[in-house]
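Before any comments, here is the structure.
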Amino acid sequence: MSTPTKPMPPRWSKRSPFPARLVADRLLSGPGSAKEIRHYELDLGDSGIQYTPGDALAVLPVNSPALVDALLAAQGLDGGTDVGGTDLRSRLSTELEISLPHRPLFKALAERDPDSELAAVLARGEKEALHRWLWGRDVLDLLHASRTVRFTADELCTVLRPLQPRAYSISSSPLRHPGRAHLTVASVRYGGGAENGGGRVHGGVCSTYLADRVDEGATVGVFPQPNRSFGLPDDDTAPVIMVGPGTGLAPFRGFLHERAARGATGPNWLFFGDQHRASDFLYQDELTALADHGLLDRIDLAFSRDQTEKVYVQARMAENGADLFAWLQDGAHFYVCGDAQRMAQDVDAALHRIVEVHGGLDADAARDYVKGLRTSKRYVRDVW
Ligand SMILES: Cc1cc2nc3c(=O)[nH]c(=O)nc-3n(C[C@H](O)[C@H](O)[C@H](O)COP(=O)(O)OP(=O)(O)OC[C@H]3O[C@@H](n4cnc5c(N)ncnc54)[C@H](O)[C@@H]3O)c2cc1C
Ligand SMILES: NC(=O)c1ccc[n+]([C@@H]2O[C@H](COP(=O)([O-])OP(=O)(O)OC[C@H]3O[C@@H](n4cnc5c(N)ncnc54)[C@H](OP(=O)(O)O)[C@@H]3O)[C@@H](O)[C@H]2O)c1
């Protein structure tokens, strides 16, 4: 049985988000975890929002009032100042990106304070050096570093770019949880301790908005972000292999709920990993139950910090390479979700190696094999 694909009602967007009620918010990471991963449930009410597992939900955040106050204080500005018909405080709260610095801001700061460190880094014209210098610094850090620079309220609104919605992979199936979208979100927090360079705790705009500033029962502005290239196969008998360490697990929880609700008979294999089994095995009870009931045929885990040597999901893939290749030969669809920078590339390399070793192919032939998987849409990734 395949899920009917209905067109998304187009009316919910960045400009016109649906106010979804937050009906559940719980911590998934256990005591002692270095992370804060939370499970949210949003009631889609009468929005008409339809989704299929693999789709994302975009969330429109509201900035931290404390950060807005700090910015106003740093620039000696009055939040009540009118800027284009709206007061400055409102614009900083809901319309402008006040955390992640962008080019118009750092160009303006460098022009006005040419002796600053930032101006020197910019003058070198090296993208990588600029990226390194900016890493861990937010708008307020940049303003503090250029203490002599004062923007007017209008200027400040011009050098900050519009606040962007953040996408989150939906971690539920509408067949299992009709009218709801579940999200699995890592709260971004850094700095704030001697071991992190000291200073303020910096919070990711949207993940801390959900974690700290939206109470259960309150609403969050959302709109659907369909991902037509990252969905389950229509064929319920097709095998599915999912590689999703960390929050990369999110869409696969939805996939598994969907496969169970559809009575899909195709086998399912999940590779999951995170730092420690004791504190970071997300949805452990659910996944264990799915495995016990036979819906999850195989689950291979890589807890990277439970032993002296790091172990990642790609090591588990390699250990089970012969079976993985056999599944591919049987028509398996291979999915990867999570970190784009490192994990997705390493998993891709591991996949090529498995095809080489267990398919008895040379590097070129293995590349063609994997390319074939991609072109037939049996190897798809949702990485960020
Ligand atoms: C299609 C898609 C699906 C996604 N699905 C999920 C999901 O299911 N779950 C999930 O948690 N996220 C997911 N994301 C990521 C999500 O959209 C956000 O990017 C994430 O939550 C961070 O947003 P934020 O507003 O909290 O942080 P932002 O305010 O955007 O800040 C993030 C920035 O902070 C800086 N930063 C972060 N950590 C550090 C550090 N340790 N030291 C210094 N600087 C740092 C970096 O510059 C980083 O870019 C997805 C993204 C996409 C595109
Ligand atoms: N680009 C970056 O530098 C970076 C760093 C961290 C997180 N992130 C992003 O932060 C968000 C939240 O991350 P998360 O906490 O859900 O998960 P995560 O940081 O991706 O970690 C999940 C697991 O993946 C492991 N891992 C690290 N490098 C890996 C690699 N090259 N290949 C395979 N596994 C690897 C981690 O191990 P260890 O942590 O023990 O190494 C951990 O066990 C994601 O959006 C992620 O993309 C990005």
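The values are calculated or read from the model by the stated rules, or taken from the named source; none is laboratory data. Since we're looking at a predicted model, the values are computed, not measured. Cβ: placed from backbone, ideal geometry, glycine included. Neighbour counts: every protein chain shown. Areas reflect the complete protein model, heavy atoms only, side chains present, ligands, DNA and RNA absent. Shrake-Rupley method; radii C 1.70, N 1.55, O 1.52, S 1.80 Å.
Of all residues in segment 344-369, those that are over 25 Å from Thr247 (Cβ atoms) have Cβ atoms under 7 Å from Cβ atoms of residues that are open to solvent by 50 Å² or more (accessible area, probe 1.4 Å) and aliphatic (A, V, I, L, M), 6 or more apart or on another chain, in Arg353/Ala318; Val355/Leu361; His358/Ala322; Tyr369/Leu361. When you look at Gln307, is it more than 29 Å from Glu356 (Cβ to Cβ), away from ligand 1 (no atom under 16 Å from the Cβ) and open to solvent by 20 Å² or more (accessible area, probe 1.4 Å), yes or no? No.
Candidates Arg21, Arg38, Arg11, Arg15: the one that is outside any helix (DSSP H, G or I), within 16 Å of ligand 1 (Cβ to nearest atom) and of a type outside the set (Gly, Ala, Ser) is Arg38. Of the residues Val347, Val355, Val336, the single one that is crowded, with 22+ Cβ neighbours inside 10 Å, more than 16 Å from ligand 2 (Cβ to nearest atom) and either assigned by TED's automatic domain parsing to the domain that holds Ala238 or more than 21 Å from Leu270 (Cα to Cα) (or both) is Val355. Filtering Arg124, Arg103 for residues that are modelled with pLDDT under 95 and closer than 26 Å to Arg166 by Cβ leaves a single hit, Arg103. If you go through segment 136-182 and keep only what is more than 23 Å from Glu95 (Cα to Cα) and either assigned by TED's automatic domain parsing to the domain that holds Arg112 or among the basic types (Lys, Arg) (or both), you end up with Ala145, Ser146, Arg147, Thr148, Arg176, Arg180.
Evaluating Arg342 against the criteria (1) basic (Lys, Arg); (2) open to solvent by 60 Å² or more (accessible area, probe 1.4 Å); (3) over 20 Å from the mean Cα position of the chain (by Cα) leaves one unmet condition, (3). Taken together, the criteria exclude Gly254 from residues that are within 15 Å of ligand 2 (Cβ to nearest atom) and either in a helix (DSSP H, G or I) or touching a Lys or Arg at 6+ places or on another chain (Cβ under 6 Å) (or both). If you go through segment 339-384 and keep only what is within 16 Å of ligand 1 (Cβ to nearest atom) and in a helix (DSSP H, G or I), you end up with Met343, Ala344.
Selection of strands (runs of 3 or more DSSP E) fully inside segment 170-235 by the criterion of at least 3 residues being β-branched (Val, Ile, Thr) returns 219-225.
Restricting attention to segment 148-182, the residues that are under 21 Å from Gly45 (Cα atoms) and either more than 16 Å from ligand 2 (Cβ to nearest atom) or touching a Ser or Thr at 6+ places or on another chain (Cβ under 6 Å) (or both) add up to 12.
Could you tell me whether Val185 is open to solvent by less than 40 Å² (accessible area, probe 1.4 Å), in the same structural domain as Leu44 (by TED's automatic domain parsing), more than 29 Å from Arg103 (Cα to Cα) and within 22 Å of the chain's Cα centre (by Cα)? Spelling it out, it is not the case that Val185 is open to solvent by less than 40 Å² (accessible area, probe 1.4 Å), in the same structural domain as Leu44 (by TED's automatic domain parsing), more than 29 Å from Arg103 (Cα to Cα) and within 22 Å of the chain's Cα centre (by Cα).
For segment 287-296, the count of residues that are modelled with pLDDT under 95, open to solvent by less than 60 Å² (accessible area, probe 1.4 Å) and of a type in the set (Gly, Ala, Ser) is nonzero.
Just to be sure before I move on: is Arg147 of a type in the set (Lys, Arg) and free of Cβ contacts under 8 Å to residues at least 12 places away in the same chain in the structure I sent? Before you say what the answer is, go through the steps one by one.
Details: of a type in the set (Lys, Arg): yes; free of Cβ contacts under 8 Å to residues at least 12 places away in the same chain: yes.
Judged against the criteria, Arg147 is a match.
In segment 111-127, the residues that are in contact (Cβ under 8 Å) with a residue 24 or more places away in the chain reach residues that are open to solvent by 100 Å² or more (accessible area, probe 1.4 Å) with C-beta atoms within less than 8 angstrom, at least six apart or across chains, in these pairs: Arg112/Thr148; Asp113/Thr148.
Select from segment 206-239 the residues that are touching a helix residue (DSSP H, G or I) at 6+ places or on another chain (Cβ under 9 Å) and within 30 Å of Ser16 (Cβ to Cβ) and write down the one among them that is most open to solvent (accessible area, probe 1.4 Å). Out of the qualifying residues, it is Arg213.
Residues that are within 18 Å of Met242 (Cβ to Cβ) and of a type in the set (A, V, I, L, M, F, W, C): find the helices (runs of 4 or more DSSP H) completely inside segment 273-325 holding 3 or more of those.
Output list reads 284-292, 313-319.
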